[in-house]
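**Q** Below you'll find the structure I mean.
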Amino acid sequence: MASKFTVTLSQIIKETSLESIYMPSNPDEILISTTDINRPGLQLAGFMDFFDNTRVQVLGRNEMMFLEALEQEKRLATIDTFFASKPPVIIVARGISPFEEMVSAAKRYDVPLLVSQDSTSGFMSGIIAFLNVELAQRITRHGVLVECYGEGILLTGDSGVGKSETAIELVKRGHRLIADDAVEIRKVSNKTLVGSAPENIRHFIELRGIGIINARRIFGMGAIKLTEKIDLVINMEPWDKNKVYDRMGMDNQFTEILGISVPQLTIPIKPGRNLAIIIEVAAMNNRQKKMGYNAAEELLHNLGMSSNNDPGEDVKKEWESF
């Protein structure tokens, strides 16, 4: 069963600069567990079917003008019914002052009532982005995450294969470290994975023979980054002379992380190979593929062959013999 993550109301207040009108208890103890946000127009009109009272409720100018247009008795009944559903928090956008009836209902039903100075759409986009990250499904993988030419590269492989040493070389070449040893991966959308380091080991790297170093202290702030999308997984493994490695790049391989397919490469390791340069080229080549260019397909075209057809073992052997 997937873990259920929560975010405290105090974190939301800090992130979105909310003003508290009424807070029934410590906001550190009020938990939000869903990324969905609701503008309760239908609910204020009386349609409460399918209303999810676990969502953050946001009232914009339309909702407030609708309430203002109601007769006082009707407005009081509408607000009372809405607050009686006890949502985790009600936020009024655009800096609009809540009605006295709303403040009274908030106190009556112990519902937090807050105000945002942002526009309704701007506030909602910001809080949704924040909740998508904080409440995202996540796992922790053994590996190293680096940013190379704007591409998030997740280096995987057995312990001692050289992931951390390769990351140090990449940092020395101007790229940035996100996480070493343990990478916390979050599924922030149906297409996007974001990696970061657990807070207690952030910026630290273990180098066998040297020990633990702090990349931020040694290489400076420009050498580190807190989070990065995962665009490519590179599996590093010792060179196996009996294994056939891809030399043309026609066979796209993928690995699945949290239900999302991510391009994957296998890089064989042996003395004399400059892994940092290989990973730099892999990052640039992956970006080119995302932009629609494939060097192997162009080569086949130049050789008068169609990339839609399998070149065949004879052709592959002939190319690999060059």
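**Q** Give the span of region 137-291's Cα atoms along each principal axis, as three whole-Å numbers ordered largest to smallest.
**A** 41, 40, 25
**Q** Rounded to two decimals, what ratio of Rg to Rh does region 7-133 give with C-alpha atoms and a Kirkwood Rh?
**A** On the way: Rg = 13.4 Å, Rh = 14.5 Å.
Dividing the radius of gyration by the Kirkwood radius yields 0.93.
**Q** State the answer as a single residue: which of GLN137, ASN214, GLY60 lies farthest towards the positive end of the charge dipole of the chain, with beta carbon charges of +1 for Lys and Arg and -1 for Asp and Glu, about the Cα centre.
**A** ASN214
**Q** Another question about this same structure. Per-residue HN-Hα couplings for region 155-172, Karplus 6.51 cos²θ - 1.76 cosθ + 1.60 at θ = phi - 60°, whole Hz, x for Gly and Pro?
**A** For region 155-172, the Karplus curve yields 8, 10, x, 5, 4, x, 6, x, 5, 5, 5, 5, 4, 4, 4, 5, 4, 4 Hz.
**Q** In debye, nearest 20: dipole of region 7-133 around its Cα centre with unit charges on the Cβ of K, R (+) and D, E (-)?
**A** Details: 10 positive and 16 negative charges, 24 e Å.
Using only the charged Cβ atoms, the result is roughly 120 debye.
**Q** So what's the angle, to the nearest 10 degrees on a 0 to 90 scale, between helix 72-84 and the longest Cα principal axis of the chain?
**A** Helix 72-84 and the main axis of the chain meet at about 40 degrees.
**Q** Moving to a separate point now. In whole Hz and in residue order, list the ³J(HN,Hα) couplings for region 146-151 that follow from phi through the Karplus curve 6.51 cos²θ - 1.76 cosθ + 1.60, θ = phi - 60°; x for Gly and Pro.
**A** 10, 9, 10, 6, x, 9
**Q** Let me ask something else about it. Please list, in chain and number order, the residues 5+ apart from GLN264 or on another chain whose amide H is under 5 Å from its amide H, with Hs placed from the backbone.
**A** Under 5 Å from the amide H of GLN264 lie the amide H atoms of VAL233, GLN253, PHE254, THR255, each far enough along the sequence or on another chain.
**Q** Additional query: In percent, what relative contact order does the chain have, based on Cα pairs under 8 Å that are 6 or more apart in sequence? Intermediate values should be presented prior to the final figure.
**A** Details: 537 pairs, mean separation 41.5, N = 322.
13 percent.
**Q** Can I ask one more? Roughly how many debye, to the nearest 20, is the charge dipole of the chain about its Cα centre, given +1 on each Lys and Arg Cβ, -1 on each Asp and Glu Cβ, and no other charges? Please list the in-between numbers first.
**A** Working: 36 positive and 42 negative charges, 135 e Å.
So the dipole magnitude of the chain works out to roughly 640 debye.
**Q** Separate question: Enter the Cα centre distance for the pair region 235-288 and region 129-202, rounded to the nearest angstrom.
**A** So the two Cα centres are separated by 17 Å.
**Q** Ok, one more. Under 18 Å from a point 7 Å along the Cα-to-Cβ line of PHE130: which residues of region 71-94 have their amide N that close?
**A** 88-94
**Q** A further question on this structure: Mind running the shape call on region 142-225? Use the C-alpha gyration tensor, a ≥ b ≥ c as the square roots of the eigenvalues: rounded below 1.5 for a/c, prolate if a/b tops b/c, oblate otherwise. Please report the intermediate quantities before stating the final value.
**A** Details: a/c = 1.61, a/b = 1.37, b/c = 1.18.
Prolate, because a/c is 1.5 or more and a/b exceeds b/c.
**Q** If I stretch the segment between GLU71 and ASN53 completely, what's the gain in nm (0.36 nm per residue apart, minus their alpha carbon distance), one decimal?
**A** Values: separation 18, 0.36 × 18 = 6.48 nm, distance 2.55 nm.
Separation in residues times 0.36 nm, less the Cα-Cα distance, equals 3.9 nm.
**Q** Work out from phi, with θ = phi - 60° and the Karplus expression 6.51 cos²θ - 1.76 cosθ + 1.60, the ³J(HN,Hα) of each residue of region 271-279, listed in order in whole Hz, and give x for Gly and Pro.
**A** x, x, 8, 8, 5, 4, 5, 4, 5
**Q** Taking springs between alpha-carbon atoms closer than 10 angstrom, which of PHE123, PHE219, PHE66 fluctuates most in the Gaussian network model of the chain?
**A** Fluctuation is largest for PHE66.
**Q** Using 0.36 nm times the number of residues separating GLU29 and SER189, minus their current alpha carbon distance, what extension gain do you get?
**A** Gain in length upon complete extension: 54.9 nm.
**Q** Given the DSSP H assignment, sum -39500 (n - 2.57) over each helix run of at least 4 residues in the chain and divide by its residue total; what's the result at 222 nm in deg cm²/dmol, nearest 500? Can you show the working numbers first?
**A** Details: 11 runs with 106 residues, N = 322.
That calculation yields -9500 deg cm²/dmol at 222 nm.
**Q** Tilt of helix 120-134 relative to the longest C-alpha principal axis of the chain, in degrees (0 to 90, nearest 10)?
**A** Helix 120-134 and the main axis of the chain meet at about 50 degrees.
**Q** Hey, another quick one. Treating only the Cβ atoms of Lys and Arg (+1) and Asp and Glu (-1) as charged, compute the dipole magnitude of region 135-235 about its Cα centre; round to the nearest 20 debye.
**A** Numbers: 15 positive and 12 negative charges, 55 e Å.
Using only the charged Cβ atoms, the result is roughly 260 debye.
**Q** Continuing with the same structure: Skipping prolines and chain starts, which residues have an amide H placed within reach, meaning under 5 Å, of the one on ASP118, given they are 5 or more residues away or on another chain?
**A** ARG94, GLY95
**Q** Just to be sure I follow: if Rg is taken over the C-alpha atoms of the chain and Rh is the Kirkwood radius over the same atoms, what is Rg/Rh?
**A** Details: Rg = 26.7 Å, Rh = 23.5 Å.
Rg/Rh: 1.14.
**Q** Another question, then. For ASP181 and SER17, what does the FRET efficiency come to when R0 = 35 Å and r is the distance between their Cβ atoms, rounded to the nearest 0.05? Working shown, then result.
**A** Numbers: r = 35 Å, r/R0 = 1.01.
Approximately 0.50, to the nearest 0.05.
Here, each number is a calculation from the coordinates, and none is a lab measurement. Since the structure is predicted, the reported quantities are computational estimates derived from the model, not experimental observations. We place every Cβ from the backbone using ideal geometry, glycine too, and count neighbours over all the protein chains shown.
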